[in-house]
Amino acid sequence: MAHKVEKTFRFVIVGGGIAGVTCVEQLSSQIPSAEVALITAGPHIKAVTNYKQVSKVLEEFDVEERPSSVLEEKFPNLTVIHSAVKSLHTQSHSVETADGRVFGYEKLCLCSGGRPKLLTQENPYVLGIRDTDSAQEFQKRLSKAKRIVVVGNGGIALELVYEVEGCEVIWAVKDKAIGNTFFDAGAAQFLIPSLEADKPERAAPCKRPRYTTEEPAAGASQTFTADRNSRGRNSGPTEPGSALGPDWHEGIALRGAEQVSRRVSVEYQCEVEKIFTSEELLDSQQQTLRPENVGSWPVYIQLTNGKTFGCDFVVSATGVVPNTEPFLHGNNFARADDGGLRVDDHMMTSELDVYAAGDVCTACWEHSPLWQQMRLWTQARQMGWYAGRCMAAHVLSEPIELDFCFELFSHITKFFNYKVVLLGKFNGQGLGPDHELLVRCTKGREYVKVVLSGGRMVGAVLIGETDLEETFENLILNQMDLTPYGEELLNPNIDIEDYFD
Ligand SMILES: Cc1cc2nc3c(=O)[nH]c(=O)nc-3n(C[C@H](O)[C@H](O)[C@H](O)COP(=O)(O)OP(=O)(O)OC[C@H]3O[C@@H](n4cnc5c(N)ncnc54)[C@H](O)[C@@H]3O)c2cc1C
Ligand SMILES: NC(=O)C1=CN([C@@H]2O[C@H](COP(=O)(O)OP(=O)(O)OC[C@H]3O[C@@H](n4cnc5c(N)ncnc54)[C@H](O)[C@@H]3O)[C@@H](O)[C@H]2O)C=CC1
């Protein structure tokens, strides 16, 4: 190594996102005398605010971007270093930053997050959304756009298609239904009318114990339009930093160049065949172009269903890749198939004294039958907190067991303006055909799905103000045999809370 070690810290944490900051807070509170360094690339750090434990495992909180001085004032033994780590030397227990400084560590936690897994890296018309900078770039480009294509069917796509106004959106999804990372086709059917104009209908409960859904045929498309009055929004840009999170779009107006309201066309069961410029389009003599798509768009996207759309730009909302690159050279990290650093049940990587938490890591311990990893804010906080506890326990030679929060998967969020709660194996993940679904759906009001295996509840999707989360969480955790209750479990006329008292 070219440079001399400037200082050795007991704990070094890399990354000022939710995972890194929570890890720092945990370590600094547990061992206040320990010297801790937080090395982060951005000028700001993320802070969890308004934390609320909704039930045993469900939690809600806001996230704010703050100057790092707030953390340093709170924890006198903390040093925040604003520079990117460019290399890691696990043999000598040191990291080197982009500005050429070298810091030693006794224990290190990598919390460098992830970045968008783009359809293509080179095309200037293909955007990803991750942090405030990329959200602002998206907003700027959108303000001049008449049509965009959104590719992907997860969290970002779901948020964008609902929020974008004044611009036509073509939404290309690989699947038969929208929102496949969070929902099944039934929930998608419940949500899709929200893309259209608000037409208040009297909600009539309909119990659907047998699970059937109508799906669009392969290669089909559906168009939804909505007239919406502008909703109140703050207009000022937010400060640059790490990954965005809940309600990131509340602070920025997502409005295109047209005086139209929402117009979304969903192209089902298709992927991207090719992305090309107008010159390339002329050269290739595209036969598949519909008349409405002919024009001088800066970029064209050809889908595997044979259709080609011209647009102002493409949003690649196609998942994340863990930020591991700076740490790999010269070291021997075991990585998972998704590119994340493999961690065990103590958040330890395969390298001695190196831990990892949040989007950069892949949980490779034997999971509880009711938990799975998803790269989410909540899990970044839980992992950062638990990694901090493990690091502290190891230096103090104390025993530590996997935390209870990894017992049951839980996530609270909002899609299409509905509250969404996901519990356990909410989509029957990994259960094979050996499970049963109960569904209750009240159009425009709520969608409740329960996943049962061997008569026991193993997962649930709750959309709307169902007020069922706590009861269902208990039923999942206590694994009570629900066979005697049958379909009554979702009877809208029974107060289920009283039922199980
Ligand atoms: C648009 C969007 C909306 C989202 N909405 C939700 C939501 O509603 N609910 C939810 O649960 N989750 C949501 N997520 C996911 C959530 O934001 C992430 O899972 C979570 O923020 C990950 O936290 P992290 O600390 O692991 O990583 P990050 O927040 O990405 O933080 C990584 C940090 O590491 C720093 N860093 C990176 N490389 C280096 C380096 N070499 N040296 C030093 N520092 C480095 C970065 O500057 C950053 O500070 C959303 C994500 C996006 C992009
Ligand atoms: N409310 C919430 O909980 C939100 C969570 N997030 C999180 O932020 C992160 C980033 O979000 P997303 O990019 O939406 O990731 P995601 O993992 O949620 O979804 C990625 C989607 O892209 C699809 N996809 C992948 N490769 C593709 C390809 N080549 N062509 C077409 N489709 C492809 C996948 O099938 C999946 O539907 C995720 O970890 C997500 O969970 C994001 C927004 C909201």
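Measure off, as a whole percent, the carbon and sulfur share of the 1.4 Å-probe accessible area of region 417-499, all protein chains present.
The value for region 417-499 is 43 percent carbon and sulfur by accessible area.
Positive end of the charge dipole of region 417-499 (Lys, Arg +1 and Asp, Glu -1 on Cβ, about the Cα centre): tell me which of 490, 476, 451 has its Cα farthest that way.
Looking along the dipole axis, the top candidate is 451.
Using +1 on the beta carbon of Lys and Arg, -1 on that of Asp and Glu, and nothing else charged, what's the dipole of the chain about the Cα centre, debye to 20?
About 1020 debye.
Only four residue types carry charge here, +1 at the Cβ of Lys and Arg and -1 at the Cβ of Asp and Glu. Report the dipole size of region 391-501 about the Cα centre in Debye, rounded to the nearest 20.
Roughly 680 debye for region 391-501.
Is it possible to state the helix-based mean residue ellipticity at 222 nm for the chain, with each DSSP H run of 4+ residues giving -39500 (n - 2.57), the sum divided by total residues, to the nearest 500 deg cm²/dmol? What is it?
-5000 deg cm²/dmol
For the charge dipole of region 290-426, defined by +1 on Lys and Arg C-beta atoms and -1 on Asp and Glu C-beta atoms about the Cα centroid, which residue among 363, 406, 296 has the Cα displaced farthest towards the positive pole?
296
Taking amide H positions as placed in the peptide plane 1.01 Å from N, state which residues far from residue 109 in sequence (5 or more) or on other chains have amide H under 5 Å from it.
For residue 109, whose amide H was placed from the backbone, the distant partners under 5 Å are 12, 13, 14, 355.
Can you give me the % of accessible surface on region 1-145 that is carbon or sulfur? Probe 1.4 Å, all protein chains present, nothing else counted.
Carbon plus sulfur share of accessible area: 49 percent.
In sequence order, what are the phi-derived ³J(HN,Hα) couplings for region 343-358 according to the Karplus relation 6.51 cos²θ - 1.76 cosθ + 1.60 with θ = phi - 60°, rounded to whole Hz, with x for glycine and proline?
10, 8, 6, 10, 6, 8, 7, 7, 9, 4, 6, 10, 9, 8, 8, x
Once you list every other residue whose beta carbon is under 13 Å from the beta carbon of residue 256, what net charge do they have if Lys and Arg are +1 and Asp and Glu are -1?
Charge balance near residue 256 sits at +3.
Within region 136-178, what residues put their amide N at less than 13 Å from the label point 7 Å along the Cα-to-Cβ vector of residue 417?
Under cut-off, by backbone N: 162-164.
What net charge is computed for the residues neighbouring residue 304, neighbours being all others with C-beta under 14 Å from the C-beta of residue 304, Lys and Arg scored +1, Asp and Glu -1? Could the numbers behind the result be given before it?
Numbers: positive: 174, 274, 307; negative: 175, 267, 271, 273.
Summing Lys and Arg as +1 and Asp and Glu as -1 gives -1.
May I ask you to give the solvent-accessible area per residue for region 417-499, in square angstrom, as obtained with a 1.4 angstrom probe?
I get 42 Å² per residue for region 417-499.
So, counting K/R as plus one and D/E as minus one, what does the shell of residues with Cβ under 13 Å around residue 405 add up to?
Details: positive: 56, 381, 389; negative: 59, 345, 401, 403, 407, 473.
Here the count lands on -3.
Identify the trypsin sites (Lys or Arg not before Pro) of region 425-454 meeting these criteria: DSSP loop state and at most 15 other C-beta atoms within 10 Å of the C-beta.
For trypsin sites (Lys or Arg not before Pro) across region 425-454 that sit outside H, G, I, E and B with at most 15 neighbouring Cβ atoms in 10 Å, the list reads 443.
Tabulate in residue order the Karplus-calculated ³J(HN,Hα) for region 265-278, using 6.51 cos²θ - 1.76 cosθ + 1.60 with θ = phi - 60°, rounded to whole Hz; enter x for Gly and Pro.
Computed from phi, the couplings for region 265-278 are 10, 9, 9, 8, 6, 9, 10, 8, 8, 7, 10, 8, 7, 5 Hz.
Just read off the accessible area of residue 83 with the full protein assembly in place, 1.4 Å probe, to the nearest 10 Å².
10 Å²
The values are calculated or read from the model by the stated rules, or taken from the named source; none is laboratory data. Given the structure is predicted, the values throughout are model-derived calculations rather than measurements. With ideal geometry, Cβ positions are generated from the backbone for all residues, glycine too; neighbour counts draw on all protein chains shown. Heavy atoms of the whole protein, side chains included, go into the accessibility calculation; ligands, DNA and RNA do not. Shrake-Rupley method; radii C 1.70, N 1.55, O 1.52, S 1.80 Å.
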